[in-house]
Each structure stands twice: as structure tokens, then as C-alpha cells.
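Peer 1: Handing you a structure now.
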Amino acid sequence: MDTSSCDDHTIDQRIAERLRALRQERGWSLEDLATRCGVSRATLSRLENAEVSATANALGRLCQAYGMTLSRLIHLVEDDFPPLVQRAGQTVWEDARSGFARRIVSPPARALAGEAMEGVLRPGARITYEGPPRAGLEHHLVLLEGALRVTVDGVAHALQSGDCLRYQLRGPSRFEAGEAGARYLLFTV
């Protein structure tokens, strides 16, 4: 995990602080949030206290409840950047359990909606999202290396290196890496 943009706090601690702030801004109890996102109250408490690192699935569910993308959540925990962020300064968030790493490629800009991220899935890794952070979120996924099966709205799409899948999220989605893993760019609008 790249923590070069974090001062005294780790990225997990900063995510925990942001998650707590988002819940409190809405006036939700832990029980309210648990009902909205399907993550247990105990797990939410542990996440907000940085006692555990969040999984991609848990963060996906939380982002759905808050109506934002995971990239946007990560941007909210970062300090402001100039328009250019060199690769060495880009934040990387990893979910070791699922075999997923996400690099935030776009310079953070709270006023801009479009985002780009690089995803890396280890061989055979699978990530399932229960729903989109906001209905109708547009994705453009370009597979750079490996093979990837993406299921959107119950339809599976097999991608090979160089393929581009364009879709809008309205329901659950699933990403499954092939035997060699997968590296892709994902643009959201």
C-alpha cells in the first residue's frame, strides 16, 4: 500500500475517520447504516475505529449506502493535489483477502465527476459488488493485461487484453480474473 500522501495516519485510519464522518453527517446510527448497507453493526464499528482493514466488498456496500464511488471515498481521505499526480504519488489501496489492488490514477478533484483507476486482480481473484454506489454510474473498463470476466446486470462479458467494456451500473456486478490475473483501467463518469 502506498502511503506517501498520508502524514501521521495510515490510509486505513484515514478511511476509518472518513467513514465515521460520513455516517455522522447523515445522522445515522451504526444500526441505521448496517440496515442500509448489509454490513454488521460490529464490523462497521471495527472499521470506523480502524481495528480492521476494510475489504473491497464492505467498502463497496458502504459506498453504495453513501451514494459515492470507492475512488471518491479514497479521494476524500487524501490531501488536495495539483492537477498532475505522478505514478509514485498515486494512492494504492489493497484488499489482500480478495487479491485486489486499486490505484487511484486521477488527481483528486472534488468538483469533477469523472475518475480513472487502475485495478489489479491476482489470478483467480473474484470481487462481487451488491450494487452501484449510485444508480446509472457509467463505466468504461479497458483490460490491459490478462483475462477478466465481468458480470453486469446478470450478463457475463469475457474480456481479453485490449478489450473495452462500456456499461452503466444498476445492480450487482462481479469481476473474475483469469489464470494469469488481470490489470485494467476503469473510467467512471
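Peer 1: Do any residues in the stretch 82-98 that are more than 16 Å from residue 117 (Cβ to Cβ) have Cβ atoms under 7 Å from those of residues that are modelled with pLDDT of 85 or more and surrounded by 16 or more Cβ atoms within 10 Å (Cβ to Cβ), where the two are at least six apart or on different chains, and which pairs are they?
Peer 2: Qualifying pairs under 7 Å: 97/55.
Peer 1: Something else now. Just give me the residues in the stretch 103-119 being surrounded by fewer than 17 Cβ atoms within 10 Å (Cβ to Cβ) and either under 14 Å from residue 84 (Cβ atoms) or at pLDDT below 65 (or both), in sequence order. Please lay out each step first, then the result.
Peer 2: Initial filter on the stretch 103-119 (surrounded by fewer than 17 Cβ atoms within 10 Å (Cβ to Cβ)): 109-114, 116.
Result: 109, 110, 111, 112, 116.
Peer 1: Scanning for something surrounded by 16 or more Cβ atoms within 10 Å (Cβ to Cβ) and in contact (Cβ under 8 Å) with a residue 60 or more places away in the chain, does the stretch 135-158 turn up at least one residue?
Peer 2: Yes, there is a match, as at least one residue in the stretch 135-158 is surrounded by 16 or more Cβ atoms within 10 Å (Cβ to Cβ) and in contact (Cβ under 8 Å) with a residue 60 or more places away in the chain.
Peer 1: While we're on this one: Quick check on the stretch 172-189: of everything there that is under 14 Å from the mean Cα position of the chain (by Cα) and crowded, with 19+ Cβ neighbours inside 10 Å, which residue is nearest to residue 153 (Cα to Cα)?
Peer 2: The residue in question is 173.
Peer 1: I'd like to know if the stretch 11-22 contains one or more residues that are without any contact (Cβ under 8 Å) to a residue 40 or more places away in the chain and not small (Gly, Ala, Ser).
Peer 2: yes
Peer 1: Kindly list the number of the only condition in (1) touching a residue at least 60 places away in the same chain (Cβ under 8 Å); (2) out of contact with any helix residue (DSSP H, G or I) (no Cβ under 6 Å at 6 or more places or on another chain); (3) assigned to a helix (DSSP H, G or I); (4) not small (Gly, Ala, Ser) that fails for residue 68.
Peer 2: (3)
Peer 1: Inside the stretch 159-168, can you point out the residues that are small (Gly, Ala, Ser) and exposed (fewer than 13 other Cβ atoms within 10 Å of the Cβ)? Walk me through it before giving the result.
Peer 2: Here is the first cut: in the stretch 159-168, the residues small (Gly, Ala, Ser) are 161-162.
The answer is 162, and nothing else.
Peer 1: Continuing with this model, one more query. Residues in the stretch 5-28: is at least one among the aliphatic types (A, V, I, L, M), over 16 Å from residue 70 (Cα atoms) and in a helix (DSSP H, G or I)?
Peer 2: Of the stretch 5-28, the ones among the aliphatic types (A, V, I, L, M) are 11, 15-16, 19, 21-22.
Next, from what is left, pick out any that are over 16 Å from residue 70 (Cα atoms): none.
For the stretch 5-28, residues among the aliphatic types (A, V, I, L, M), over 16 Å from residue 70 (Cα atoms) and in a helix (DSSP H, G or I): absent.
Peer 1: Next question, about the same structure. Looking only at the stretch 35-59, which residues are surrounded by 18 or more Cβ atoms within 10 Å (Cβ to Cβ) and over 20 Å from residue 96 (Cβ atoms)?
Peer 2: Once the filter is applied, which keeps residues that are surrounded by 18 or more Cβ atoms within 10 Å (Cβ to Cβ) and over 20 Å from residue 96 (Cβ atoms), the stretch 35-59 yields 37, 44, 48.
Peer 1: Taking the stretch 123-168, which residues are touching a helix residue (DSSP H, G or I) at 6+ places or on another chain (Cβ under 9 Å) and either more than 20 Å from residue 101 (Cα to Cα) or of a type in the set (Val, Ile, Thr) (or both)? Step through it out loud before you land on a result.
Peer 2: Taking the stretch 123-168 first, the residues touching a helix residue (DSSP H, G or I) at 6+ places or on another chain (Cβ under 9 Å) are 127-134.
The answer is 127, 128, 134.
The values are calculated or read from the model by the stated rules, or taken from the named source; none is laboratory data. Keep in mind that this is a model prediction, so the values were computed, not measured. Quick reminder, even Gly has a Cβ in these numbers, built from the backbone with ideal geometry, and neighbours come from all protein chains shown.
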